[in-house]
Amino acid sequence: MGWQVLYLRPKTEKKTARYCSVMNIEHYLPLRKKTKVFQRRKVTTMIPLFPGYIFALIEPTLLDGLKRSDFVLRFIAPENEESLLKTLNQIKTAITVDPEMGAAEKIKKGTKVRIINGPLAGIEGEVSSLKGNIKVMLNVDIIGKAAAVETTRECIEVIEQ
């Protein structure tokens, strides 16, 4: 079967990784550091970079064991296994360099976004350019015109539509 992406029940990523270890299934669960302050104490935990997903090299003989674990909702086969492995290696390298890095939604031209940081916080628009700083177009549909604002990726969030 090869490498698969396992879509999991909520909050079961670490349990699934332990289960894979016990079953001798090669797997990868990218974890990142997250620091919170609780009652004036800093607490650092390791949380999944991609909540709800784990990557595993599945042999057909071990498939039933994973299905019986009750953690896996769906098996997703990648279109290109080599590309998946290359991406996972790049993620491993990036986490080594920046253990607190976070995941982000993939942004395409035309995506509706909201600016969440800085003096433009709260403004909603559409992505028109992704080169360098992200250019967000603020459309005034009634007159068919738009204003362009430039911002960084960290300052925007995708609007669910």
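Coordinate-derived values only; no laboratory data. Bear in mind the structure is a predicted one, so any value in this text is a computation, not a measurement. Methodologically, a virtual Cβ is constructed for each residue, glycine included, from the backbone with ideal geometry; neighbour enumeration extends over all protein chains shown.
Here's the list of aspartates and glutamates a cross-link from residue 15 could span, going by alpha-carbon distance under 15 Å and ignoring same-chain residues fewer than 8 apart: 26, 70. Close amide H contacts of residue 111 (hydrogens built in the peptide plane, cut-off under 5 Å, sequence separation of 5 or more or a different chain): 127.
Taking amide H atoms as placed 1.01 Å from N in the peptide plane, the amide H of residue 27 lies under 5 Å from those of 57, each 5 or more residues away in sequence or on another chain. For the range 62-74, backbone phi angles converted through the Karplus equation (6.51, -1.76, 1.60; θ = phi - 60°) give residue-by-residue couplings of 9, 4, 4, x, 5, 5, 6, 5, 6, 9, 8, 8, 7 Hz, Gly and Pro being listed as x.
Its relative contact order, with pairs defined as Cα atoms under 8 Å and 6+ residues apart, puts the chain at 20 percent. Which of rounded, prolate, oblate describes the range 2-97, given a ≥ b ≥ c as roots of the alpha-carbon gyration tensor eigenvalues and a/c under 1.5 marking rounded, otherwise prolate only if a/b is larger than b/c? Oblate, since a/c reaches 1.5 and b/c is not below a/b. Applied to the range 14-26, the Karplus parametrisation 6.51 cos²θ - 1.76 cosθ + 1.60 on θ = phi - 60° returns per-residue 3J(HN,Hα) values of 5, 5, 5, 4, 5, 4, 4, 4, 5, 7, 6, 9, 5 Hz, with x for Gly and Pro. Fully extending the segment from residue 50 to residue 129, taken as 0.36 nm per residue of separation minus the present Cα-Cα distance, adds 25.8 nm. Phi angles across the range 112-117 convert, under the Karplus curve 6.51 cos²θ - 1.76 cosθ + 1.60 with θ = phi - 60°, into 3J(HN,Hα) values of 7, 9, 10, 7, 10, 10 Hz, Gly and Pro given as x. Each of residue 93 and residue 40 was given a label point 7 Å from its Cα along the Cα-to-Cβ line. The distance between the two points is 4.5 nm.
A cut-off under 12 angstrom between Cβ atoms defines the neighbours of residue 122, and their net charge, with Lys, Arg +1 and Asp, Glu -1, is -1.
Any chance you could run the full-extension gain for residue 7 through residue 70? It's 0.36 nm times the residue separation minus the Cα-Cα distance, nm to one decimal. It would help to have the intermediate numbers written out before the result.
Values: separation 63, 0.36 × 63 = 22.68 nm, distance 1.15 nm.
Computed gain between residue 7 and residue 70 is 21.5 nm.
Near residue 11, once Lys and Arg are set to +1 and Asp and Glu to -1 for all other residues with Cβ below 14 Å from its Cβ, the sum equals +2. For residue 32, the residues 5 or more places off, or on other chains, whose built amide H falls under 5 Å of its own are 47, 49. Remark: spin-label model distance residue 101-residue 21 equals 2.3 nm, labels positioned 7 Å along the Cα→Cβ axis.
Per-residue ellipticity at 222 nm from helix content only, as computed over the chain with -39500 (n - 2.57) for each DSSP H run of at least four residues, stands at -6000 deg cm²/dmol.
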